[in-house]
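Encoded as structure tokens, the structure appears first; notes follow it.
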Amino acid sequence: MAASQLIRIPVVRNPNYVANGTKSLVHMMHKYSIEPTIGRYQRRGQSLVRRQDDGSTAPIPSEDSHQDAYYLCPVQIGNPAQTLHLNFDSGSADYWVWSTLLPQRVQDRGRANGAVFFDPTQSSTFETLTGASWTITYGDQSSASGTVGTDRLQIGNIVVDSQHIELAVRLSSSLQTQPDCHGLLGLAFGHINTVRPVKVNTPLENMIARQDIPLPLFTAYLGSFKDVADPDKGESFYTFGGIDQSVIEASGQEIHYVPIDNSQGFWAFAAPSLVVNGQVINTPGNTAIADTGTTLMLVADSVCEAIYSNIPGAHFDTKIDAWVYPAETPAEHFPVLQFLVGDKPFTIEKEHIGFTTVDDSGTMIYGGIQSRGHLLFDIWGDTFLKCVYAIFDAGNLQFGVVQRADPTPDNVAFPPQ
């Protein structure tokens, strides 16, 4: 069913989300099987371990695969509609939900904490896809898996009939600890979808193929609690099939597009340099992927050093294996920081260089930009995306960016956890 009117898909902030830099970094290490280059984290085969003071190693759990599910979007599934809140993730291509096929003890525990489970028996339009299954395995061997069916999916005013939906039948315990996030809607490219024996189209791919949306794209406008005093009050939303022109007008700029390489299934684009306090630092051949499903920004070690060497007191903390800086650092002591998307620089506002306090003392801040380890590309999560309006143009295989209008970019203070 085609939607002719552009609707903002509201984003709600996970009420149970507590920012934790270590958990977010570990989440990304598991998601992308990152081999660390500095600090005590090490990879042993498929597992992530941490070196102890006595030289031994201990396994690192995924903590919680939904730890980075800060932004959630309501969707309606089935007929009559059942509303679930999902993590819209441009870094994966599976559309999976918590379901009533999970063990009863998992459902009981989840419902006691407010979780919602999709019940296919209560939908007149659900059909089982016989013989199909799916499995997602993370770097610590935690996993989610189950069966596949088709059903009606509604996102805002857009209806996708007979959309393939992956129903969770098994969830590792570490994936059961965020009851407000009921699953994931992947917005990467379908050739990395995990359904077997035959991969299935993502919701976005079906919207495009069936002409359910006017333009073959989606956009992400992700706000921050630090922008509540701005005209947009830190609002967050997605759109499908159109670009919100009011955001473009507010920015006073034109959209900058760069070609993407989706051969690995990701929204990958050229990111050949950055500018720190006016000094250009070239990173020839470097690429980055835009990932709405993660909070941090992961870059090369040399880039981390170039950034944090310009913040007094910043250092790599070997106790937590992360770049940190003093909480009392005033805005004027932060560098002016820009990353190039293709050939155009975009600013990381000073207020977004930090992610959260390191601990309850509030004396040190966990940096929002961390090491990508041996990974061959950058991962630009919410640290970057909060600073821009992002256009994911699947039809033309390009990524568009506009600097987000932010009249208060120096709100660098963090409230206590």
With the first residue restricted to the range 309-320 and required to be on the phi > 0 side of the Ramachandran plot, and the second required to be surrounded by 13 or more Cβ atoms within 10 Å (Cβ to Cβ) and of a type outside the set (S, T, N, Q), Cβ contacts under 7 Å at 6 or more apart or on different chains are Gly313/Tyr325; Gly313/Pro326
Exactly one of Ala306, Ala300 is within 21 Å of the chain's Cα centre (by Cα) and among the aliphatic types (A, V, I, L, M), and that one is Ala300
Gly293 vs. criteria part of a loop (DSSP other than H, G, I, E, B), touching a Gly at 6+ places or on another chain (Cβ under 9 Å) and not hydrophobic (A, V, I, L, M, F, W, C)
yes
So Pro345 fits all but one of (1) under 16 Å from Asp406 (Cβ atoms); (2) buried (at least 20 other Cβ atoms within 10 Å of the Cβ); (3) not aromatic (Phe, Trp, Tyr); what number is the exception?
(2)
Can you tell me which of Thr219, Thr194 is among the β-branched types (Val, Ile, Thr), buried (at least 21 other Cβ atoms within 10 Å of the Cβ) and closer than 23 Å to Asp261 by Cα?
Thr219
Any residue at all in the range 51-61 that's within 30 Å of Lys386 (Cβ to Cβ), assigned to a loop (DSSP other than H, G, I, E, B) and modelled with pLDDT of 95 or more?
no
Please report, ordered by residue number, the strands (runs of 3 or more DSSP E) entirely within the range 70-144 with at least 3 residues that are in contact with a Phe, Trp or Tyr (Cβ under 9 Å, 6 or more places away or on another chain).
71-77, 82-89
Given (1) crowded, with 17+ Cβ neighbours inside 10 Å; (2) within 25 Å of Tyr17 (Cα to Cα); (3) hydrophobic (A, V, I, L, M, F, W, C), where does Phe240 come up short, assuming only one miss?
(2)
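The values are calculated or read from the model by the stated rules, or taken from the named source; none is laboratory data. Remember, predicted model here, so these are calculated numbers, not experimental data. Don't worry about glycine lacking a Cβ; one is built from the backbone with ideal geometry, like all the others, and counts go over all protein chains shown.
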